[in-house]
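Reading through the C-alpha cells given below for one structure.
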Amino acid sequence: MLDVPVALVLAAILSGQAPAVAPVATPVDRAFVRLYNFDFAGAHAALDDSARSDPGNPLTFSVRAAAYLFTELDRLRILEFKFFMNDDTVIGARPLTPDPSLRTRLFNAIGEARRLAGARLATSPRDQNALFALCMSASVVTDYTGLVEGRHWRSVGLARETKKYADKLLAFDPPFYDAYYTCGTMEYVVGSLPFFVRWFVRYDRVEGNKRLGIEQLKLVAHHGRYYGPFARILLAVISIREGKAEEAEKLLVELSREFPENPLLKKEAARAGALARRRRKP
C-alpha cells in the first residue's frame with residue numbers, strides 16, 4: 001500500500017527534518033489552523049468565508065462537522081492523552097452525556113457535505129475534494145458514534161465506509177496523502193486488538209500491522225495538507241503508549257510552537273517531558 005517515496009520520507013523524519021507545511025491558501029486551510037489552535041469559533045468563521053466564496057465546496061461542511069466533533073470531544077475531555085492510555089477508558093468506562101443540539105448541527109453539516117459531494121461526483125467522479133469530504137464525513141460519524149455515544153461495535157461497521165473512500169483517494173497518482181491517516185490509524189488500532197477480537201474485526205486490505213500503520217501516519221505527517229498535524233498528534237499518543245516518551249515530547253513541543261494557542265498541546269508536552277525524565281532516572 002505504501003508508495004515509493006516512503007523511505008525518503010521516513011529518513012527525513014528520523015533525521016529530524018520538520019514536516020512540510022502547506023501554505024494557508026484557502027478558508028478551509030485557515031479553518032484547520034484554527035482547529036489545531038483549539039479556536040473553534042475561529043474555525044467556523046473561516047468556514048463561513050468558505051461558504052460565501054465557494055458555496056458548492058463539500059469540504060466546507062465536512063470540516064464544519066469536524067469542528068463540532070472536536071468541540072464535543074474537548075468538552076467531554078476525550079482529547080486528553082490519558083483518555084487513550086487505557087483501553088478500558090476508550091471503550092467507555094465512564095458514561096458520557098452528549099450535547100443534543102450540537103449533535104443535530106453536526107449531522108446537518110454531514111448531510112450537506114454528502115449532498116454537495118454527491119452532486120460533484122455525479123459530473124466528475126474523480127473530484128478529490130468531494131471524495132475527501134465523504135471520507136472525512138464518514139470518519140466524523142465513526143468517531144462520534146464510538147467516542148461520544150459509546151456505540152463501539154457500530155463504529156467498527158461505520159469505519160468501513162471511511163476506508164472505502166480512503167482507498168479511492170490513495171489510488172490517485174500521486175496519492176491524496178491525507179487519506180493515509182485513515183489507513184494508518186486502522187492498521188495500528190486493529191494491530192493493537194487481542195487476537196480473538198481481531199478475528200471478528202476485519203477490513204479490506206488492513207493487515208493489523210502496527211509498524212505499517214505508524215509508517216503511513218508518518219507519510220501524512222510529512223505530506224498531508226490537512227491532517228499533517230493530526231497525524232503528528234496521534235504519533236505522539238502512540239509513542240507514549242509504547243514507552244517512547246522522549247519522542248512524544250519532541251513532537252508535542254514542535255506542535256505547541258506551531259499552534260501556540262492550543263493549551264492542551266503545551267500540557268501534554270509537559271507531561272511527556274516529565275514522564276521521559278522519570279524513565280531516565282536509574
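Can you tell me how the range 101-149 classifies by the Cα gyration tensor, rounded, prolate or oblate, using a/c under 1.5 as the rounded cut? Could the numbers behind the result be given before it?
Details: a/c = 4.30, a/b = 1.99, b/c = 2.16.
Note, shape of the range 101-149 comes out oblate.
Less than 20 Å from a label point 7 Å out along the Cα-to-Cβ axis of ASP74: which backbone N atoms in the range 247-282 qualify, by residue? Correct set: 252-271. Between ALA45 and ALA119, the contour length at 0.36 nm per residue exceeds the Cα-Cα span by 24.2 nm.
Need one number: convex hull volume per residue for the range 127-190, Cα atoms only, in Å³. Don't skip to the end; give the middle numbers.
On the way: hull volume 4.4 nm³, N = 64.
Output value, Cα hull per residue: 69 Å³.
Counting Lys and Arg as +1 and Asp and Glu as -1 over every other residue whose Cβ lies under 12 Å from the Cβ of LYS250, the net charge comes to -1.
Annotation: aspartates and glutamates with alpha-carbon distance below 12 angstrom to LYS164 (same-chain offsets under eight excluded): ASP204. About its Cα centre, the dipole of the range 97-178 is roughly 260 debye, where the only charges are +1 on Lys and Arg Cβ and -1 on Asp and Glu Cβ. Annotation: extensible slack from ARG279 through ARG241 equals 12.3 nm (criterion: 0.36 nm per residue apart, minus Cα-Cα distance). With the Kirkwood sum run over all distinct C-alpha pairs, the range 26-85 has a hydrodynamic radius of 11.8 Å.
A short reminder: the numbers here are calculations on the coordinates, not readings from a lab. Keep in mind it's a predicted model, so treat the numbers as computed, not measured. Backbone-built Cβ (ideal geometry, glycine too); neighbour counts: all protein chains shown.
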